[in-house]
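What follows is a single structure, written as C-alpha cells, with notes after it.
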C-alpha cells in the first residue's frame, strides 16, 4: 500500500528541485485501497491504471529535450530516468511504456534474486 505521507513528501522534494508531477500510475489494488485525492495531487497530473504504483516527474533538461523520471511509490525507493528529445516527442508514449516495463522487469529480477524467495514486486509478499 502507498504511504500517502511519503508520497506527498516525494512530490514536495521533486518540486523543490524543479520537477513537475506529470502522471500518476496506480495498480488496481491501490485504486481499491486509497482515494487518489489523498495524495494531494496537482489537478494537471494525469492518473492512469498500471501494473506499477509510480509517479512520472518531468522537467526541461537541455534546450530541445525533457527529462522524465519514473519514481516507484512502494517498497525501496527506485527511479529510472529517460531524456526525450523534442524532435522525438511523437514516440513519447512508447518510450514511457518501455521504461515502465523496464522498471517492472528490474523489480521482478530483484525479487527473484532475494534470499527470502520470490516476492511480489508491489506488495513484498511471497507468492
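General remarks:
- Enumeration of residues in region 1-17 that are assigned to a loop (DSSP other than H, G, I, E, B) and within 25 Å of residue 101 (Cα to Cα): 1, 2, 3
- Residues in region 18-42 that are buried (at least 19 other Cβ atoms within 10 Å of the Cβ) and assigned to a helix (DSSP H, G or I): 30, 39.
- Some residue of region 95-104 being without any contact (Cβ under 8 Å) to a residue 12 or more places away in the chain, under 27 Å from residue 1 (Cβ atoms) and assigned to a strand (DSSP E or B): no
- Single residue of 101, 88 found to be over 14 Å from residue 26 (Cβ atoms), out of contact with any strand residue (DSSP E or B) (no Cβ under 8 Å at 6 or more places or on another chain) and modelled with pLDDT of 90 or more: 101
- Residue in region 31-42 that is within 24 Å of residue 102 (Cα to Cα), modelled with pLDDT under 95 and out of contact with any helix residue (DSSP H, G or I) (no Cβ under 7 Å at 6 or more places or on another chain) present: yes
- Region 11-58, residues that are at positive phi and in contact with a strand residue (DSSP E or B) (Cβ under 7 Å, 6 or more places away or on another chain): 18
- Number of residues in region 46-66 that are over 19 Å from residue 8 (Cα atoms), under 14 Å from the mean Cα position of the chain (by Cα) and surrounded by 16 or more Cβ atoms within 10 Å (Cβ to Cβ): the value is 1.
- Residues in region 69-80 that are surrounded by 15 or more Cβ atoms within 10 Å (Cβ to Cβ) and either on the phi > 0 side of the Ramachandran plot or touching a strand residue (DSSP E or B) at 6+ places or on another chain (Cβ under 8 Å) (or both) were compared, and the one that is modelled with the lowest pLDDT is 75.
- Cβ pairs under 7 Å, 6+ apart, first in region 30-44 and farther than 17 Å from residue 56 by Cα, second at pLDDT 80 or above: 34/2; 34/4; 38/4
- Extreme residue, modelled with the lowest pLDDT, among residues of region 43-68 that are over 21 Å from residue 104 (Cα atoms) and assigned to a loop (DSSP other than H, G, I, E, B): 43
The values are calculated or read from the model by the stated rules, or taken from the named source; none is laboratory data. These figures come from a predicted structure and were not determined experimentally. Glycine gets a Cβ as well: all are built from the backbone with ideal geometry, and neighbour counts include every protein chain shown.
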